[in-house]
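One structure below.
The values are calculated or read from the model by the stated rules, or taken from the named source; none is laboratory data. Just so you know, these numbers come straight off a predicted model, no measurement behind them. When we count neighbours, we look across all protein chains shown, and the Cβ atoms used for this are built from the backbone with ideal geometry, even at glycine.
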Amino acid sequence: MELNIVSRELITPSSQTHHLEPYKLCLIDQISPKYYFPVILFYSNSDAKLFDLSKTLTQMKISLSETLNLYYPLSGRAKDDQYIDDFQAGVPFFEAKINWQMSEFFQREIEFHNQLLPFQPFGKTPNNNIPPIAFQVNIFACGGIALGIVFYHMIMDAATMSNFLKSWAAFSSGSTHKVINPNLVEGTILFPPKEIDFLNDYTSVVNRFFFNEGEYTAKRFVFAIESIQTLIEMAKSKHVPNPTRNLAVTCFIWKHIMAAYWADSEPNDLITACQVMNIRPRMKSRHNGDSLDGVVGNLVGHAGSVFDPNNDHQNVKNSSDIKLSDLVRRLKEAMEGFEDYFLCQVKKGGEEASSEMLEQVGNLSLLDKLGKPNHFISFTNWKGFFKEVDFGFGKSFKVEPILGKIMSNQCGNMVILVDADRWGKGSMEMTSVI
């Protein structure tokens, strides 16, 4: 595949930003791992003759500039893990042309996938003076488009990135009533920032669990709705009579990750499943009762369940001894604990919320004291994210996090689930970085 970058630009807000106060990072931002997370949106071009590429790209850049008027922190640069300033620094916007048809690319996408991104993902980036987001518009010979995106995870989560993309697309297509106005203050109200020296021990714990030496490979698997229904039936029990798609599929993957780690030896290693929990839909603003859907930054917690094969009533000899329904019960209990206890503390806001978040991070370090290898697997469900991102040439038919090889000292051991209705309504795609 031949990919040529034909244009590199920095897009800045179209309005002046010199009068704006620095944007403060919240506590969760400060302790989040520092790496670029990738997303690629694929768009087919069913009628290339009606498609004015030059006009479309110009409109995308103009509307990106308009969107940055609202989401101006994403055009700035982080300073000292405390705040974002310099909002005219700009967002990289690359244009690339590919000499392949999109169908050819999908036959060998693992080999070339990362070339669709403006920067390489997952690598630890200790220097904060980098763009929070960057885009690469890839044009295939057939007229199909792949929008490659990376976002700096210390500054935002997938929900923020999804809101930004939906708003950018709304400006681009003239559907301004669909723009999601960002809430730039609620994150620091809920989780006030701390001095960096105080947080060093906590960030080192996060880095130890998220960044690991070794070579990772990102792979994708499809779960058709028929297979998911079978897993749901297997996952049912008196404790969880109606498991969700996410629970059934997540725990099925968890079980098979155990099998992979235990393949060459007696079960000994701890395998921790950690479900990422979006706080936004689970509570309202403390000071005005408004929705938190538009809050910018990282507003997530984690529901974790540790499986110790040598400290379990089931006398586990290998992964086949583990019932899917038991794993579902365990993870369901962890998620309920998150809702019943953690969120209750968070709803108090301020120091109590921050203390609870730091205690949750501190609990990770307790796993090191058990004297066993522990494999920490992060599970994320992107349900509802990155949908409706239509720049005027249709909705994306495929949302993809990452594929292919990832080099050493990268952020790994994660699983992302994405709705994949193109395989049948209710189907899901899993991308794993293991």
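Check every one of the helices (runs of 4 or more DSSP H) wholly within the stretch 85-199 and list those with 2 or more residues that are buried (at least 17 other Cβ atoms within 10 Å of the Cβ). Full working, then the answer.
On the way: elements: 102-107, 109-112, 158-173, 186-190.
Where helices (runs of 4 or more DSSP H) fall fully within the stretch 85-199 and carry at least 2 residues being buried (at least 17 other Cβ atoms within 10 Å of the Cβ), they are 102-107, 158-173, 186-190.
With respect to Val389, is the statement that it is touching a Lys or Arg at 6+ places or on another chain (Cβ under 8 Å), of a type outside the set (Phe, Trp, Tyr) and at pLDDT 85 or above true?
yes
Looking at the stretch 373-399 only, could you name the residues that are part of a strand (DSSP E or B) and farther than 19 Å from Leu147 by Cα? Listed by number, the residues that qualify are Asn374, His375, Phe376, Ile377, Ser378, Phe379, Thr380, Asn381.
Do you know which residues across the stretch 261-296 are of a type in the set (Ser, Thr, Tyr) and farther than 28 Å from Ser320 by Cβ?
Once the filter is applied, which keeps residues that are of a type in the set (Ser, Thr, Tyr) and farther than 28 Å from Ser320 by Cβ, the stretch 261-296 yields Ser285, Ser291.
Taking only the stretch 234-266 into account, find how many residues are surrounded by 13 or more Cβ atoms within 10 Å (Cβ to Cβ) and not in a helix (DSSP H, G or I). Residues flagged as surrounded by 13 or more Cβ atoms within 10 Å (Cβ to Cβ) and not in a helix (DSSP H, G or I) within the stretch 234-266 amount to 7.
Taking Met1 as meeting all but one of (1) under 28 Å from Gln101 (Cβ atoms); (2) part of a strand (DSSP E or B), write down the number of the exception. Met1 satisfies every listed condition except (2).
Quick check on the stretch 287-337: of everything there that is in a helix (DSSP H, G or I), of a type in the set (D, E, K, R) and out of contact with any strand residue (DSSP E or B) (no Cβ under 7 Å at 6 or more places or on another chain), which residue is modelled with the lowest pLDDT? Walk me through it before giving the result.
Of the stretch 287-337, the ones in a helix (DSSP H, G or I) are 319-321, 324-337.
From the residues that got through so far, the ones that are of a type in the set (D, E, K, R) too are 321, 326, 329-330, 332-333, 336.
From what is left, the residues that are out of contact with any strand residue (DSSP E or B) (no Cβ under 7 Å at 6 or more places or on another chain) are 321, 326, 329, 332-333, 336.
On the way: Asp321: 77, Asp326: 94, Arg329: 96, Lys332: 97, Glu333: 96, Glu336: 95.
Within the stretch 287-337, the match that is modelled with the lowest pLDDT is Asp321.
Within the stretch 216-229, if we keep just the residues that are loosely packed, with under 14 Cβ neighbours inside 10 Å and β-branched (Val, Ile, Thr), the residue that is modelled with the lowest pLDDT turns out to be Thr217.
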